[in-house]
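> Would you mind keeping the following structure in view while I ask a few things?
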Amino acid sequence: MKEGPDIAFLGSLIGDPARANMLTALLSGKALTASELATEAGITPQTASAHLGKMEAAGLLALRKQGRHRYFALADDDVGSLLEAMMGLAAKKGHLRTRTGPKDPALRHARVCYNHLAGDLGVRMMDSLLAKNFLTPENEGLGLTADGKAFFGEFQIDFEPLEKLRRPLCKSCLDWSNRRSHLAGSLGSALLTRFYDLGWARRIDNSRVVAFSARGEKEFLNIFPI
């Protein structure tokens with residue numbers, strides 16, 4: 001076998017349908033119990049525990065203990081970005097699951113991708129920030145301009161704690177429903193939190209849907225024009 005990163009190993013972990021369903025459920029950013037993840041995957045709790053142990057050992061999941069309860073979450077932003085990128089590629093190549101439902105349009109409009117905004121509104125926000133030169137393509141990532149930092153400062157984004165984090169400040173993430181990029185990184189996470197704090201949007205229980213109020217969406221569209 002050739003030397004280098006073992007993508008076959010990661011592929012085998014993510015490629016199992018039950019594990020893929022559990023990982024997708026954790027893209028909501030919430031930590032879930034083994035029983036909750038077993039329900040998401042349609043398998044028994046015992047089988048789920050075996051799958052979760054393998055993914056934790058591989059560094060895809062992090063285990064959090066609270067009293068007698070054990071919760072699982074994605075290990076870090078890299079895992080979330082990988083999953084969303086794989087979903088984007090699958091959609092682009094036509095590898096789509098056929099299950100549809102009333103939540104589908106809402107998921108495409110605005111949803112949480114691990115800890116940042118995705119969907120139509122997430123892509124619109126990225127397009128607007130690039131058009132205004134608040135963000136610029138930089139090597140394989142994104143750069144924040146001086147005008148951009150001033151804009152976000154006026155929007156009451158505090159950069160001091162963000163700059164202390166080990167994860168990237170600005171990062172593009174491929175959006176599976178639009179097949180274009182939205183904003184990830186610590187700035188993307190801070191913006192989504194700000195939308196919640198302003199009362200513009202809220203998370204729908206047991207879903208990745210981010211529901212904007214009529215007033216909140218109007219304000220969002222005004223501040224991120226195309």
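> Can you tell me which of D127, D147 is open to solvent by 60 Å² or more (accessible area, probe 1.4 Å) and either in a loop (DSSP other than H, G, I, E, B) or of a type in the set (D, E) (or both)?
Going through D127, D147 in turn, just one is open to solvent by 60 Å² or more (accessible area, probe 1.4 Å) and either in a loop (DSSP other than H, G, I, E, B) or of a type in the set (D, E) (or both): D147.
> Out of all the residues in the stretch 150-180, which are assigned to a strand (DSSP E or B), over 24 Å from N222 (Cβ atoms) and charged (D, E, K, R)?
Across the stretch 150-180, the qualifying residue is only K171.
> Report every pair of residues separated by at least 6 positions or lying on different chains whose Cβ atoms are under 9 Å apart, first residue within the stretch 24-35 and in contact (Cβ under 8 Å) with a residue 60 or more places away in the chain, second surrounded by fewer than 17 Cβ atoms within 10 Å (Cβ to Cβ) and in a loop (DSSP other than H, G, I, E, B).
S28/N206; S28/S207
> Between residues in the stretch 144-160 that are more than 15 Å from L130 (Cα to Cα) and residues that are open to solvent by less than 50 Å² (accessible area, probe 1.4 Å), which pairs lie under 6 Å by C-beta distance while being six or more apart or on different chains?
I157/A190
> OK, next. Looking at the stretch 49-87, which of the residues that are in contact with a Phe, Trp or Tyr (Cβ under 9 Å, 6 or more places away or on another chain) and assigned to a strand (DSSP E or B) is surrounded by the fewest Cβ atoms within 10 Å (Cβ to Cβ)?
K65
> Here's something else I'd like to know. Identify, by number, the condition in (1) in contact with a helix residue (DSSP H, G or I) (Cβ under 6 Å, 6 or more places away or on another chain); (2) buried (at least 16 other Cβ atoms within 10 Å of the Cβ); (3) within 30 Å of A201 (Cα to Cα) that R111 doesn't meet.
(1)
> I'd like to check something: does the stretch 191-204 contain any residue that is part of a helix (DSSP H, G or I), within 30 Å of T39 (Cα to Cα) and either open to solvent by less than 10 Å² (accessible area, probe 1.4 Å) or in contact (Cβ under 8 Å) with a residue 40 or more places away in the chain (or both)?
Among the residues of the stretch 191-204, at least one is part of a helix (DSSP H, G or I), within 30 Å of T39 (Cα to Cα) and either open to solvent by less than 10 Å² (accessible area, probe 1.4 Å) or in contact (Cβ under 8 Å) with a residue 40 or more places away in the chain (or both), which makes the answer yes.
The values are calculated or read from the model by the stated rules, or taken from the named source; none is laboratory data. Computed from a predicted model, the values in this text were never measured in an experiment. FYI the Cβ positions are ideal-geometry reconstructions off the backbone, even for glycines, and counts take in every protein chain you see. Ligands, DNA and RNA are excluded from the accessible area calculation, which covers all protein heavy atoms including side chains. Shrake-Rupley method; radii C 1.70, N 1.55, O 1.52, S 1.80 Å.
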